[in-house]
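**Student:** Questions regarding the structure given below will be posed in turn.
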Amino acid sequence: LADALAVLEGGLPMVIAIDVGGTSIKGALVAAGAEMVAVRRAATPHDGEHQLVTSVVGMATDLAAEAARRGTPASAIGVAAAGIIDEAAGVAVRGANLRWRDTALTRRMEDATGLPATLVQDARAAARGEAIFGAGRNADTFLSVILGTGVGSAVVIDGRPVRGSHGLAGEIGHLQVDPGGLPCGCGGRGCVETVASAAAISRRYAAASGEHLATELVLARATAGDRLAATLWSEAVAALAAALAAAVAVVDCDLVVLAGGLARAGDLLFEPLALELAGRLSLVAPPRLAAAALGRAAGVLGAAASALDEVGRGDLIRSWREMPIASLLLTDPFGSRS
Ligand SMILES: [Zn+2]
């Protein structure tokens, strides 16, 4: 900690930011000017909690060593993680795709590196990244939705993702849209996620046709006129619109930022979704729909912002909001497709 404080007094902290997703773990050393000066990537272990934690902590210690080699010791660690996350306690409680078991992740990080660590839920970290650098930059209030294997989302007010009483504010993926629908990983039934996630579309197509296809292929069939694929896609869009309309009515925002694999479907998603939303909203004007700008880097940059909060350098985040979007952000160092 003495080293970390010395760096802070020098005014240019370097932070370690890590995003733990279901497929990969992405990490970066983020400098005071928001540059990702070193990046790391590893496949997410699925064989147990121990392997998962070892991999995440190993990446943090590796990046801490890299920062020391560069003569700019890291001052804090921010970790974004998928799953049910207790941000206040620094505990990754459980995950649909990750082997968390009430994992005290911040303590494990601090023990291994001697640096202060902070934990944030991944959808909220990505929303923060978009708020600072991306599609939400000029909006005080917006909804951020990630349409991937699941449906993750967050509500941003005054530039910050709202946490809520239980850390679940803005989670529209588990709003029930079909009381007689399929069971969901959350314990509920007929959630948005059981209809509108990429995994749900592929699964429902297989259940109805016997053919197991990747989601992109189902969407390609929908475009080509396959009636089953087109029906499942309109049901997905309608479920999403129903949840978004409710969220927009509660929050009163004029922007929804869409990220994740399904958002890359472009007009195939945006056009029918805008129409469905307009049909469902009367009092509140339909929000503008925008594609997320940062790709996979959003969660890492959001985690870096959390790390800076942890060491009392919110002033740097305000300066990030002012700076022209750096060229490094125009190319996603983690690639947008995997
Ligand atoms: Zn659910």
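**Student:** Non-local amide H neighbours of Leu255 (under 5 Å, H modeled in plane, Pro and chain starts lacking H): which ones?
**Tutor:** Amide H neighbours of Leu255, under 5 Å, 5+ apart: Leu143, Arg288.
**Student:** Also, I was wondering about something else. Taking 25 °C and 0.890 mPa s as the conditions, I'd like the Stokes-Einstein D for the chain in µm²/s, using the Kirkwood hydrodynamic radius from alpha carbon pairs.
**Tutor:** Answer, rounded: 121 µm²/s.
**Student:** Where the accessible area of the chain is counted over protein heavy atoms with a 1.4 Å probe, how much of it, in %, is carbon and sulfur?
**Tutor:** It is 53 percent, rounded to a whole number.
**Student:** While we're here: In Å and on Cα atoms, what radius of gyration and Dmax does segment 31-88 show?
**Tutor:** Computed over the Cα atoms of segment 31-88, radius of gyration and Dmax are 13.2, 37 Å.
**Student:** For segment 183-338, take every pair of Cα atoms, bin their distances at 5 Å starting from 0, and report each bin as a whole percent.
**Tutor:** With 5 Å bins starting at 0, P(r) equals 2, 8, 14, 16, 16, 16, 13, 9, 4, 2, 1, 0.
**Student:** I would also like to ask the following. Over the chain, give the accessible area per residue in Å² for a 1.4 Å probe, as an integer.
**Tutor:** Per residue, the chain has an accessible area of 43 Å².
**Student:** Between the alpha-carbon centers of segment 132-182 and segment 217-265, tell me the distance in whole angstrom.
**Tutor:** About 15 Å separates the Cα centre of segment 132-182 from the one of segment 217-265.
**Student:** In the full protein assembly as shown, how much of Val39 is accessible to a 1.4 Å probe, in Å² to the nearest 10?
**Tutor:** Solvent-accessible area, nearest 10 Å²: 60 Å².
**Student:** A follow-up question, please. Just the number, please: percent antiparallel of the DSSP beta bridges in segment 125-226, rounded to the nearest 5.
**Tutor:** 100
**Student:** Expressed in nm to one decimal, what extension gain is obtained for the pair Ser165 and Phe270 from 0.36 nm per residue of sequence separation less their Cα-Cα distance?
**Tutor:** 34.6 nm
**Student:** Treat each spin label as a single point 7 Å out from the Cα along the C-beta direction, and report the Met323 to Ala65 distance in nm.
**Tutor:** Taking the simple label geometry, Met323 and Ala65 are separated by 2.8 nm.
**Student:** Mind putting a number on the dipole of the chain about its Cα centre? Charges go on the C-beta only, +1 for Lys and Arg and -1 for Asp and Glu, and I need it in Debye to the nearest 20.
**Tutor:** 400
**Student:** Among DSSP bridges having both ends in the chain, what percentage is antiparallel? Round to the nearest 5.
**Tutor:** 60
**Student:** What three numbers, in Å, describe the spread of the alpha carbons of segment 73-190 along their principal axes, ordered from the longest?
**Tutor:** For segment 73-190, the Cα spread along each principal axis is 53, 38, 25 Å.
**Student:** Output the peptides 139-145, 32-38 sorted from most to least packed, where packing is the average of other Cβ atoms within 10 Å over each peptide's residues.
**Tutor:** Peptide ranking by packing, descending: 139-145, 32-38.
**Student:** Of all DSSP beta bridges in segment 48-189, what percent run antiparallel (nearest 5)?
**Tutor:** Restricted to segment 48-189, the bridges split so that about 75 percent are antiparallel.
The values are calculated or read from the model by the stated rules, or taken from the named source; none is laboratory data. Keep in mind it's a predicted model, so treat the numbers as computed, not measured. Positions of Cβ are backbone-derived with ideal geometry, glycine not excepted, and every protein chain shown enters the neighbour counts. Note: accessible area is taken over every heavy atom of the protein model, side chains too, but ligands, DNA and RNA are not part of it. Shrake-Rupley method; radii C 1.70, N 1.55, O 1.52, S 1.80 Å.
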